[in-house]
Amino acid sequence: MTATNLFHVGVLVPDIEKAMDRFSEALGLTFMDPAVAHVDAFEQASGTNVLDLRITWSKEGPPYLELLESQDNEGLYGHHQEGLHHVGLWEPDPVKLMERLVGMGLTKEAIQWAPEGGIIAAYTAPRELYGTRLEFIEASRKPGMEAWLTGGSWSD
């Protein structure tokens, strides 16, 4: 993993439409229409649950700006986590990388599981990296996600 795998920066916000307006005004960005991202299995300290997140992405990038609407809970996407949420990077082997990072003393905070059982993304806890949470996205998802971000369908 190198910093050249940087894909996006995620910001957790209380109101996605207001945040879109604010970031558009401040940075000149345009955004996709907000959508609900459904996660079948999101594992964190409180257990593994279904997760539905309201999100949008900047049309400009990479790196892209991802806005995520906070939720009324104590989890990774709760209101108390609002602000700069994560730095997203592509990673060919998130399992191996997380093992290495945990060996360095970093904490695995969460795992987003695919329906077939593979990892979609793995998250480090921010406390060991000066308040920065890293999100490692499994690299085989890159072509579909990039097609979607440029106006195509995920299956392109």
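The values are calculated or read from the model by the stated rules, or taken from the named source; none is laboratory data. In this text the structure is predicted, and so the values were computed from the model without any measurement. FYI the Cβ positions are ideal-geometry reconstructions off the backbone, even for glycines, and counts take in every protein chain you see.
Could we say that Thr56 is surrounded by 19 or more Cβ atoms within 10 Å (Cβ to Cβ), farther than 22 Å from Pro126 by Cα and of a type in the set (Ser, Thr, Tyr) here? Taking the combined requirement at face value, the residue satisfies it.
Among the residues of the range 1-44, just one is closer than 19 Å to Glu109 by Cα and modelled with pLDDT under 90, namely Met1.
Only one entry in Leu29, Leu12 is surrounded by 14 or more Cβ atoms within 10 Å (Cβ to Cβ), closer than 21 Å to Arg127 by Cβ and of a type in the set (A, V, I, L, M), namely Leu12. Here Ile120 fulfils each of the conditions (1) surrounded by fewer than 16 Cβ atoms within 10 Å (Cβ to Cβ); (2) touching a residue at least 60 places away in the same chain (Cβ under 8 Å) apart from (1). I'm trying to understand the selection: among the residues of the range 9-22, which are more than 18 Å from the chain's Cα centre (by Cα) and not acidic (Asp, Glu)? Once the filter is applied, which keeps residues that are more than 18 Å from the chain's Cα centre (by Cα) and not acidic (Asp, Glu), the range 9-22 yields Lys18, Arg22. Within the range 120-147, being farther than 22 Å from Ala41 by Cα and either touching an Asp or Glu at 6+ places or on another chain (Cβ under 7 Å) or of a type in the set (A, V, I, L, M) (or both) holds for Leu129, Ala147. Considering the conditions (1) closer than 23 Å to Phe31 by Cα; (2) of a type in the set (Gly, Ala, Ser); (3) surrounded by fewer than 18 Cβ atoms within 10 Å (Cβ to Cβ), Gly88 is excluded by exactly one of them, (3).
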